[in-house]
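This report concerns only the one structure given below.
The values are calculated or read from the model by the stated rules, or taken from the named source; none is laboratory data. No experiment lies behind these values; they were computed from the predicted model shown. Note: ideal-geometry Cβ built from the backbone for every residue, glycine included; neighbour counts use all protein chains shown. The protein model used for the area step is the full one, side chains on, heavy atoms only, and it has no ligands, DNA or RNA in it. Shrake-Rupley method; radii C 1.70, N 1.55, O 1.52, S 1.80 Å.
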Amino acid sequence: MTQMADKVAIVTGGGSGMGRASSVLFAQEGAAVAVADINEDGGQQTVAMIEQAGGRASFIHTDTGDESSIIQLVEQTAATYGRVDAMVTAAGISYSNFIEKDEATDPWLNPGEGLILNKSTERWQKVLDVNLTGVMICAREAARQMIAEKHGGTIVNFASIAGYGPAPTIADYCVSKAGVVMLTKCLAAELGRSGIRVNAVAPGPVETGMTRSLMELGRLQKQAEALPLGRVAQPEEVASVVLFLSTEGSSYITGKTIGVDGGTYTV
């Protein structure tokens, strides 16, 4: 029997990268997957990949910076599949105009633009709205649905190694991910008696669309070469940990952030 047979999972950011890898893996393990993303083309491609492999999935257009969009996501998932068992909050942005691919404000291509001294409050707030407040709303709405259905569930948030180490040009991103680590602990403490486990993953250098600029500059490879494992990770390696935290194999784990980081914290 597959690990998520008869389960229903929501994966935000499911249209690419680690969100896509998680969506595909969950479907392979028997879950029906609501693929949520602001990128409709990417989300539909993920659904097609799942369906071509014999799995069940649907795309729900979602902006995790918009509370009403998240509420609709959870309601539509429950209406379509009859329940919600797992929430994975993989959606995130590395800088305010990441979705627009605005190279002029990309902090890796133009480091000066990422400095707090040069960053508008609006740009700062947008990163926190998506990466932290959006994660809270996703978790809250999923938990409300799980409790209403009178069963437990799992929530897996996406933090980052950037939540533990400062980076001058992406302070907003670092702060948002540090917030996810604490949010995960607070949610775990609050929801445990309702049978809901809340954990997080903190990826290190991973080859995704978000790190494309760093890959092109050679900086991601350089970062990875200094680690014990000496390489960049693939999204599927993070997805396997997300799956573990969403299944009975991790039944006595809650409130933890697992570093999927090639040994970052050993050096």
Some residue of region 192-205 being modelled with pLDDT under 95, open to solvent by 50 Å² or more (accessible area, probe 1.4 Å), more than 22 Å from Thr64 (Cα to Cα) and not β-branched (Val, Ile, Thr): no
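How many residues does region 143-171 hold that are part of a helix (DSSP H, G or I), of a type outside the set (A, V, I, L, M) and touching a Lys or Arg at 6+ places or on another chain (Cβ under 7 Å)?
In the first step, residues of region 143-171 are kept if they are part of a helix (DSSP H, G or I); the result is 143-148, 161-163, 168-171.
Then drop every residue that is not of a type outside the set (A, V, I, L, M), which leaves 144-145, 163, 168-169.
Pick out the ones that are also touching a Lys or Arg at 6+ places or on another chain (Cβ under 7 Å) and you get 163.
Summing the residues that are part of a helix (DSSP H, G or I), of a type outside the set (A, V, I, L, M) and touching a Lys or Arg at 6+ places or on another chain (Cβ under 7 Å) in region 143-171 gives 1.
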Residue that is nearest to Ala188 (Cα to Cα), among those in region 113-152 that are of a type in the set (Gly, Ala, Ser) and open to solvent by 10 Å² or more (accessible area, probe 1.4 Å): Gly152
Failed criterion for Val74 (all others in (1) in a helix (DSSP H, G or I); (2) without any contact (Cβ under 8 Å) to a residue 24 or more places away in the chain hold): (2)
Restricting region 245-267 to residues that are under 19 Å from Ala90 (Cβ atoms) and charged (D, E, K, R), the residue that is surrounded by the most Cβ atoms within 10 Å (Cβ to Cβ): Asp261
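Please enumerate the residues belonging to region 60-97 that are open to solvent by 30 Å² or more (accessible area, probe 1.4 Å) and among the aromatic types (Phe, Trp, Tyr).
Initially, region 60-97 is screened for residues open to solvent by 30 Å² or more (accessible area, probe 1.4 Å), giving 61, 63, 65-68, 71-72, 75-76, 79-83, 97.
Within region 60-97, Tyr81 is the sole residue that qualifies.
Looking at region 40-57 only, could you name the residues that are under 17 Å from Ser16 (Cβ atoms) and part of a strand (DSSP E or B)?
We begin by selecting, within region 40-57, every residue under 17 Å from Ser16 (Cβ atoms); these are 40-50, 57.
Correct list: Ala57 only.
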Pick from region 24-33, criterion crowded, with 24+ Cβ neighbours inside 10 Å and free of Cβ contacts under 8 Å to residues at least 40 places away in the same chain, ranking: nearest to Phe59 (Cα to Cα): Val33
